[in-house]
Structure formats: structure tokens, C-alpha cells
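Report on one structure; see the data block that follows.
The values are calculated or read from the model by the stated rules, or taken from the named source; none is laboratory data. In this text the structure is predicted, and so the values were computed from the model without any measurement. Neighbour counts run over all protein chains shown; Cβ positions are idealised from the backbone, glycine included. SASA here: full protein model, heavy atoms, side chains in, ligands and nucleic acids out. Shrake-Rupley method; radii C 1.70, N 1.55, O 1.52, S 1.80 Å.
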There are 4 protein chains.
Amino acid sequence: MSQGESAAHLAERVLALAGGATGVAGIEVTLAEPGRVHLAISRRDDLLQFRGYFHGGVISGLADLAGGGAVTTMLPPGRAVVTISLHVNFLAPAKGERLVAQGSVVKVGATVGVASVDLFTQEAAGEHLCATATVTYRVVGAA
Amino acid sequence: MSQGESAAHLAERVLALAGGATGVAGIEVTLAEPGRVHLAISRRDDLLQFRGYFHGGVISGLADLAGGGAVTTMLPPGRAVVTISLHVNFLAPAKGERLVAQGSVVKVGATVGVASVDLFTQEAAGEHLCATATVTYRVVGAA
Amino acid sequence: MSQGESAAHLAERVLALAGGATGVAGIEVTLAEPGRVHLAISRRDDLLQFRGYFHGGVISGLADLAGGGAVTTMLPPGRAVVTISLHVNFLAPAKGERLVAQGSVVKVGATVGVASVDLFTQEAAGEHLCATATVTYRVVGAA
Amino acid sequence: MSQGESAAHLAERVLALAGGATGVAGIEVTLAEPGRVHLAISRRDDLLQFRGYFHGGVISGLADLAGGGAVTTMLPPGRAVVTISLHVNFLAPAKGERLVAQGSVVKVGATVGVASVDLFTQEAAGEHLCATATVTYRVVGAA
């Protein structure tokens with residue numbers, strides 16, 4: 001299998017984790033390689049809270065997907081993940097044109113996987129860390 | 001101030017925490033009293049993940065709002081909350097017609113507030129606990 | 001099996017989770033019934049931090065044991081728990097003569113269990129909530 | 001102020017966070033520089049749980065201190081930290097001769113600081129990651 005095919009396959013698995021919610025949300029997979037998945041989403045009114053920043057639920061959801069994607073890339077075919085717990089630290093207002101979640105695997109075992117995720121906002125002036133997350137998953141058979 | 005006015009006022013503050021994201025999402029305030037806020041949202045395709053359950057980001061976002069609402073009810077006028085950290089345990093598939101978040105205050109201090117939130121799904125067959133959350137907020141001046 | 005025997009058996013299982021650390025620490029099981037375990041420990045210099053309050057590590061360790069005890073009471077014989085993740089909110093200085101951890105089960109599944117724990121300090125003047133914890137465990141075969 | 005004096009000063013501040021508990025425990029500061037503090041503790045019976053691994057409370061307490069130390073190095077004189085919340089993921093049995101906690105600052109603001117901590121066990125055969133933690137602190141005036 002070529003590198004290219006592999007990356008495409010991984011990205012597909014990641015997107016398969018998402019459904020209506022993320023389809024609507026317009027999430028892009030900007031990196032998918034063994035142990036790491038980066039996702040991005042552009043600013044849009046329905047993703048913002050009352051101050052005009054990306055909403056906590058959007059940040060949490062993107063973290064969950066990026067972490068789950070990263071763990072999934074380390075699983076054998078036919079295995080998927082279900083989130084056990086999600087811990088997010090909000091560090092700065094999520095103000096920007098684009099929200100990026102960079103997930104990487106901390107550990108994958110037979111039944112439990114853990115990922116850490118850094119979340120950035122991007123705007124003309126640069127990139128800012130707005131949140132970090134640690135997500136714990138249970139490894140299950142894919143539906 | 002009458003009980004009725006007070007409850008209406010509290011609910012308003014809670015909804016003010018939300019913006020585009022929650023306006024779109026159609027969140028209802030079903031209870032708002034000192035120390036407790038209950039929110040509910042009905043099933044809709046754009047809130048679901050690939051198995052047809054409420055998405056983790058939706059659960060996390062609703063928990064954040066219900067907990068923040070509960071803490072806000074204990075603050076003096078002119079004070080609001082910003083989320084510091086969110087911890088969610090996903091306990092069962094969030095399968096149902098309606099997702100309910102019941103937030104209650106654990107502690108409110110001068111600079112930090114903590115809420116716990118129980119999340120249920122409702123369907124004809126009954127109600128199921130699908131997640132619990134603990135959310136930590138910083139108390140700030142309202143914008 | 002009588003209630004009394006059962007409670008004694010449960011307490012034994014809980015104490016079996018502990019080893020040198022908790023033996024030294026002098027932890028008492030004050031309640032052990034299906035789904036709930038309460039533990040207590042008396043103030044002693046080596047359990048305190050620089051301000052004379054119970055140390056965060058002591059609070060965390062007691063929360064871990066009380067939650068693990070509570071989950072263990074719901075398991076069939078021959079099953080035990082290993083901690084996956086521990087989330088503690090420190091709410092007030094843990095100042096007092098005695099530290100009490102009240103663990104109760106949130107959910108026990110085939111592979112994962114979750115407990116919530118309230119931690120109090122006790123002194124002549126009364127009892128104060130000093131921390132709450134949510135602890136997630138993996139269910140495994142007992143050694 | 002020379003590099004050497006500065007490092008010594010930082011290490012002193014970190015140790016000042018600890019009291020009876022950590023004095024007894026024999027914690028060493030192996031690195032203290034702006035934004036990072038590494039602590040280590042050697043295996044001893046009273047630090048172990050029933051399988052002979054470092055106890056969860058010991059891991060949590062060391063994480064708390066290493067993270068708090070790291071944040072403290074970024075504060076102006078006269079400021080200290082109090083732990084708001086502690087989130088630990090236990091990744092592997094903490095089996096070894098020595099437990100090491102490597103804390104680094106994620107963000108320090110005027111009122112809140114966040115650190116991440118990697119915890120390793122060391123033995124003849126090498127070093128293993130046994131836990132990761134994210135710790136959130138409130139910045140306060142030093143006593």
C-alpha cells in the first residue's frame with residue numbers, strides 16, 4: 001500500500017467517526033498519519049458563542065474527533081473507538097477565522113486508548129493556542 | 001422581585017451565555033432556579049454522530065451551558081462565567097429523542113465556580129443517564 | 001450470606017486494593033455497602049502540605065480508593081479495578097482533624113466503571129466539602 | 001542574578017510548596033528552570049499499592065507538585081499557586097525503582113495557570129511513561 005493510499009484510508013476512517021453533526025460543520029482533515037490527526041473548521045455563525053468566539057461545545061467536539069482519529073490510526077482494521085472521558089482546558093478566547101485541532105496518541109492498549117489534542121485558532125495575525133484536551137477512548141469492534 | 005420574574009431573569013442570563021451555536025441548536029431552559037439550571041434539546045440530524053446518537057460535542061456543549069447557567073444563578077448582577085475546564089464522562093450511547101442536561105452548583109467562590117451536570121436521553125421507553133460532567137469556571141465581569 | 005458478613009467482605013476487598021501506602025496511612029473503612037464506600041483518615045504531619053492542610057496527593061489517593069472500593073462492591077467475585085483516569089476538583093482548603101471520602105458508583109459496565117467521590121474535612125466546628133472527584137476504572141480479573 | 005542562583009532559587013520555591021508529606025516522601029528536584037520542573041522519588045514500601053507499584057495517590061501528588069512548581073517558576077515574586085483541578089491518566093503500571101514527574105507550563109495568566117506533567121518509572125531496563133496529568137492552578141498571593 002502506498003503512503004498516499006494509506007493517508008487517504010486513514011482520513012476516511014476519521015471522517016467515518018463523524019456523522020450529521022460534523023458533516024454539517026464542514027470539518028477538514030488536514031493531516032492523517034499513524035498516531036496523528038489534524039482537523040480544521042472555518043468560522044461560521046452557528047459555531048460561535050455570545051462573544052463571537054468558537055463555542056466550547058465546538059472545541060470539545062473537534063478535540064474528541066481529532067483524538068479519536070489519532071487513536072484510530074493505530075488500530076487494526078475492524079476496530080473503532082468510543083469516548084470514555086473528555087477533559088478540556090480552555091486557555092484563551094477561541095477567536096479567529098479557523099479552529100484547528102491537532103490530535104496525537106499518548107497510548108493505545110488492547111482496550112483503552114488515550115490522546116492529547118492541542119487546539120489553535122488561526123487568523124491573519126497568527127496562530128494561538130486556545131485549548132488543550134486529553135481524551136480517553138474504549139477500543140471496540142467497528143459497527 | 002417576584003419568584004416568576006426572578007426565574008425569567010435567570011433563564012435570560014443563561015440564554016445570554018449562548019449565541020449562534022445554541023440559537024441554531026434550539027436549546028430550551030426547562031428549569032432555572034438558584035443553583036440549578038436544566039436545559040433540553042431535541043434530536044435533529046445535525047446533532048448526531050455516525051451511529052445516530054447525540055454527538056460528544058453536543059453533549060459537552062450542553063453540559064458547559066447548563067453548568068455555567070447554574071453557577072451564573074449564584075452570582076451578583078454584572079458577573080458572568082468563562083469556562084476554565086470541562087470534564088465529561090460518557091456512560092452510555094446518547095440515544096433518544098431529547099437530550100437533557102441538569103446542572104447544579106457544587107461551589108461558587110469569588111473567582112472560581114464549579115458545577116456538576118447529569119445528562120439524560122429521553123425516549124418513549126424512559127430516561128437514561130448518558131453522561132456526567134464536572135465543569136470549572138472563572139468568574140469575570142460581564143461584557 | 002448475612003448483611004454483616006457481606007459488609008465485612010466488601011470492606012476487606014476495599015482494603016485489599018491498598019498496600020503499603022494505605023497501611024501506613026491508617027485508612028478506616030467507615031461504610032461499605034453495595035455501590036458505596038466511605039473511607040476516613042486522621043490528620044498526621046506526614047499527610048499535610050506547607051499550609052498545614054491535607055495534601056492534594058492524599059486527597060487524590062483517598063478519592064481513588066473510595067471510588068475504586070465503591071465500584072468493586074458491584075463486581076462479581078474475581079473481578080477488580082485498575083484506575084484509568086482521576087479527575088479531582090479542589091474546592092476549599094482541606095483543613096481539619098479528619099479527611100473523609102464518600103465514594104458512590106455512577107455506572108458499572110462490563111469493562112469500565114465510573115465513581116463519584118465527595119471529600120470532606122471534619123473538625124469540632126463541623127464538616128466541610130473540600131473536594132469532589134470523578135474516577136474512571138477498567139474492570140479486570142483480580143490478581 | 002546568575003543562572004546557578006536562579007535555578008537554586010526556583011528549586012527552593014518548588015520545595016516550599018511541599019510540607020510534611022513531601023518531606024517524608026524524599027522528593028528530589030532534578031530540574032528547575034523557567035517553565036519546567038522535574039521531580040523524582042525513589043521506591044519505598046509506603047509509596048506502593050497492593051501489586052507493588054507506585055500508588056495512584058503518590059503519582060497524583062507528585063504530578064500536582066511538579067506542575068505547580070513549573071507554573072511557580074513563571075510567577076513574579078510573592079505569588080504562589082493553589083490547585084483548582086487535577087486530571088491524571090494512568091497509562092501503565094507504575095513499576096520501577098524511581099518515579100519521575102516532568103512538569104511543564106501550558107499557560108500562565110493573571111489568575112489561572114495550567115501545567116502538563118509526564119510521569120515515568122525508571123528501572124534498570126529503561127524508562128516507561130506510566131501516567132500523564134493536566135493540572136489547573138489558581139494564582140494567589142504567597143502566604
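Taking only the Cα atoms of segment C:99-143, the ratio Rg/Rh comes out at 1.16, with Rh defined as the Kirkwood radius. For D:ASP45, the point set 7 Å out from Cα toward Cβ sits 2.1, 6.7, 7.0 nm from its twins in the other copies, listed from shortest up. When the other protein chains are added to the chain by itself, burial of at least 40 square angstrom of heavy-atom accessible area (probe 1.4 Å, ligands and nucleic acids ignored) affects these residues of segment B:82-118: B:ILE84, B:SER85, B:LEU86, B:HIS87, B:ASN89, B:PHE90, B:LEU91, B:VAL106, B:LYS107. Chains D and B together bury some 500 Å² of accessible area, summed over both sides, with a 1.4 Å probe. Near C:LEU91, the amide H atoms lying under 5 Å from its own belong to C:ALA131, C:THR132; only residues 5 or more places off or on other chains count, and H is placed 1.01 Å from N.
Residue-wise HN-Hα couplings along segment B:44-56, as the Karplus relation 6.51 cos²θ - 1.76 cosθ + 1.60 with θ = phi - 60° gives them from phi, are 7, 3, 6, 9, 10, 9, 5, 8, x, 9, 4, 6, x Hz; Gly and Pro carry x. When B:GLU28 is represented by a point 7 angstrom out along its Cα-to-C-beta vector, the spacings to that point in the other copies are 3.9, 5.0, 6.3 nm, nearest first. Split the accessible area of segment A:20-138 by element, probe 1.4 Å, and carbon with sulfur accounts for 51%. 3J(HN,Hα) couplings calculated from phi for segment B:78-87 with the Karplus curve 6.51 cos²θ - 1.76 cosθ + 1.60 (θ = phi - 60°) are, in sequence order, x, 10, 9, 10, 10, 6, 8, 8, 10, 10 Hz; Gly and Pro show x.
In this structure, the amide hydrogen of D:LYS107, modeled 1.01 Å from its nitrogen in the peptide plane, lies closer than 5 angstrom to those of D:VAL114, counting only residues at least 5 positions away or on a different chain. Working note: Karplus 6.51/-1.76/1.60 with θ = phi - 60° gives segment A:31-42 the couplings 8, 8, 9, x, x, 9, 9, 10, 10, 9, 9, 8 Hz, where Gly and Pro are set to x. Taking all protein chains into account, the per residue accessible area for segment A:72-143 stands at 37 Å² (1.4 Å probe).
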